Amino acid sequence: MSDATGSNLSKEQLLLPAVPEWRRMMNRFLGHRGLLMGSIILGLIVVLAILAPWLAPHDPYLQNISQRMIPPVWHEKGSWEHVFGTDKLGRDYLSRLLYGARISLTIGLSAALISGLIGTTLGVLAGYFGGRVDAVISYIITTRLAMPVVLVALAMSALVGGSLQMVIILLGLLLWDRFAVVARSTTQQLRDAEFIASAKVLGASTTYILVRELLPNILSALIVVMTLEMAHAILLEATLSFLGLGVQPPMPSWGLMISEGKAYMFFKPWVIAIPGIALMVLVLAINLVGDGLRDMNAPEGRN
Amino acid sequence: MAEYALELTNLSRHFHLKNGAFKEPTLLKAVDGISLRIRPGETLGLVGESGCGKSTLAKMILGLLEPTDGDVLINDKMRGASSRLSMSRQLQPIFQDPYSSLNPRKTIEQIIRLPLQLHKIGDANSQQRAVKDICDLVGLPERLLKNYPGQLSGGQRQRVAIARALILKPNILVCDEPTSALDVSVQAQILNLLMDLKKELGLTYLFISHNLGVVEHLVDRVAVMYRGKIVEQGTREDIFQNAQHPYTQALLSSVLTPEPALGLPDVLDSSAWNQAS
Ligand SMILES: Nc1ncnc2c1ncn2[C@@H]1O[C@H](COP(=O)(O)OP(=O)(O)O)[C@@H](O)[C@H]1O
Ligand SMILES: [Mg+2]
């Protein structure tokens, strides 16, 4: 029966991939509980941040001295008017929290993008060209690793003054080391791969080889680093803002909210607990996504 | 037509192997003064054990590695005298490992089409048609074009690599152990395909293998390589029926050992070696 059509098809040609790639990825995604949970929480925070102008019940900057330090709704003196209460200037805490998510996400994403660009460029060049280029870049990486990030960030922001843009640029310039290390080692593994050699023989330019042949193959590793550095940047921003050297008042940064509440924390613990928990949940969600993505890309996880 | 499709003159490549910070680096002559000529349409088998320098030689021919000394002439023109682009239209590689030779993040169609895009040959439509034609030629089902290399078998991947090598219509193929990473059952199919293509397109092959048995039915001439040098060269009949050099004889008898892992019989002791050279 197979004579008519199958006679000139070899056995290997008849082996068909049964499930399309995206279906397999989808199944792995749904099968990974941490990744699923992390994505849902992170997605929720992103949606809340984007919709903050419509969701926030009050203007986050509006001060109302007669409404100071109202406790949250679950407290006996709380009210639905201010679900998470108000701060020492009578500003609505929920509205500030929603707008604060925008700051954290903006800083996390922008800083990780800048540092990703710097670190990936350095790492790929070092890994691909090796030799003297590698020696110089490795020296730069080592120098960067020898600097204590928090200290340098503090000193720099004390020097140039804090603002949203400054924090983004500062963290972007500081957090590229892991990108560089990962890009360098993954590039080293691939630089002698035969598909790279084949592109060279075909006369492809070095730029083409690096951007179109190599980069897509190291991207998944870099995305995992990206999540780590996003969480890192968000925490550092909170630290800087807490110390008064990051985002400046009256912006509703979560770190700043904790800082502004710290004088009241023994009597009204919710003023620091609410932004603190928000920060923890966001960082946890990002880390869950990062871990999950790493597992999804791990070759031993392939089905 | 060129007198020789491929001509190597006194080609050498040395590596300095570092032995730690305080010791002198040792000199490894991976390829040591090799001269070879291949006429258009001819198939030369280059045979030698692993580590004797075959891949290093292939890399120099492909322009992936600078020779320490000597020249590579392709269709009577010096490699390096013309651009990589024009060289790559005359000479293309088939690599050993079809799992490493295809970019895992590109579809089969993108992979086969890349040479046309890099060389700016034709528009999108004609490129697509050329890809389909070449798939017919190498026996690759068209429905695989949208797939990624990870979804293909080793044999199918090697067909993709062959299609990519042929789409620019080069006249020379450098095949560096093109079947040694494949299942035995698939090896014969790929070898047959390469032979059919040779007949159909009049290709010139430099066919590299560590296994004399693989080249026996393909080649016109054989060159035997040992430690960076050619120790014996001749027509297929010369080598298979009347090998002179003890190393060639050792290789020949190793073809007859039932398992490749058994390796070379121990005839390489110094007495036999000195007699011959
Ligand atoms: N880039 C390199 N640096 C140092 N030694 C090398 C390099 N490439 C190959 N060699 C050495 O050269 C010798 C020949 O290698 P190769 O050409 O790959 O052999 P074959 O392909 O015949 O198995 C081996 O001893 C190998 O270790
Ligand atoms: Mg080799």
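Points worth noting:
- Proximal lysines to A:Lys268, defined as alpha-carbon separation beneath 24 angstrom and excluding residues fewer than eight positions away on the same chain: A:Lys77, A:Lys88
- Unit charges on C-beta of K, R, D, E only; dipole of the protein assembly as shown, Debye: 1520 debye
- Surface share of carbon and sulfur [accessible, 1.4 angstrom probe, percent] for segment B:99-169: 47 percent
- Size of the B/A contact, given as accessible area buried on both chains, probe 1.4 Å, in Å²: 2500 Å²
- Hydrodynamic radius of segment B:99-169 per Kirkwood, over alpha carbon pairs, in Å: 11.8 Å
- List of segment A:192-206 residues, accessible area with partners at least 40 Å² below that of the chain alone (1.4 Å probe): A:Glu194, A:Phe195, A:Ser198, A:Lys200, A:Val201, A:Leu202
- Helix B:108-118 vs. chain B, principal-axis angle (Cα, 0 to 90°, nearest 10): 90 degrees
- When you filter the chymotrypsin sites (Phe, Trp or Tyr not before Pro) in segment A:68-169 for DSSP loop state and at most 11 other Cβ atoms inside 10 Å of their Cβ, you are left with A:Trp74, A:Trp80.
- Spatial separation of Cα centroids for segment A:188-246 and segment B:187-250, in angstrom: 44 Å
- Taking the helices alone, the protein assembly as shown has a mean residue ellipticity at 222 nm of -16500 deg cm²/dmol, built from -39,500 (n - 2.57) per DSSP H run of at least 4 residues and averaged over all its residues.
- Value of relative contact order over chain A, rounded to a whole percent, pairs C-alpha under 8 Å and six or more apart: 22 percent
- Loop-located chymotrypsin sites (Phe, Trp or Tyr not before Pro) in segment B:1-63 whose Cβ has at most 10 other Cβ within 10 Å (DSSP): B:Phe22
- Per residue accessible area of the protein assembly as shown, 1.4 Å probe, in Å²: 49 Å²
- Segment A:92-112 versus segment B:1-72: alpha-carbon centroid distance in Å: 60 Å
- Residues of type lysines that B:Lys77 reaches as a straight line, Cα spacing below 28 Å, ignoring anything fewer than 8 places off in the same chain: A:Lys200, B:Lys29, B:Lys54, B:Lys59, B:Lys120, B:Lys169, B:Lys198, B:Lys199, B:Lys229
- Relative contact order for segment A:17-100, counting Cα pairs under 8 Å that sit 6 or more residues apart, in percent: 25 percent
- Both numbers refer to the Cα atoms of chain A; Rg and Dmax are 24.8, 90 Å.
- Beta-bridge orientation, chain B: approximately 55 percent antiparallel, per DSSP, counting only bridges with both partners inside.
- All C-alpha to C-alpha distances of the protein assembly as shown, sorted into 20 Å bins beginning at zero, yield P(r) values of 17, 38, 26, 15, 4, 0 percent in whole numbers.
The values are calculated or read from the model by the stated rules, or taken from the named source; none is laboratory data. All of these numbers come straight from a predicted model, not from anything done at the bench. Glycine also receives a Cβ, built like all others from the backbone with ideal geometry; neighbour counts cover every protein chain displayed. Side chains included, ligands, DNA and RNA excluded: accessible areas come from the protein's heavy atoms. Shrake-Rupley method; radii C 1.70, N 1.55, O 1.52, S 1.80 Å.
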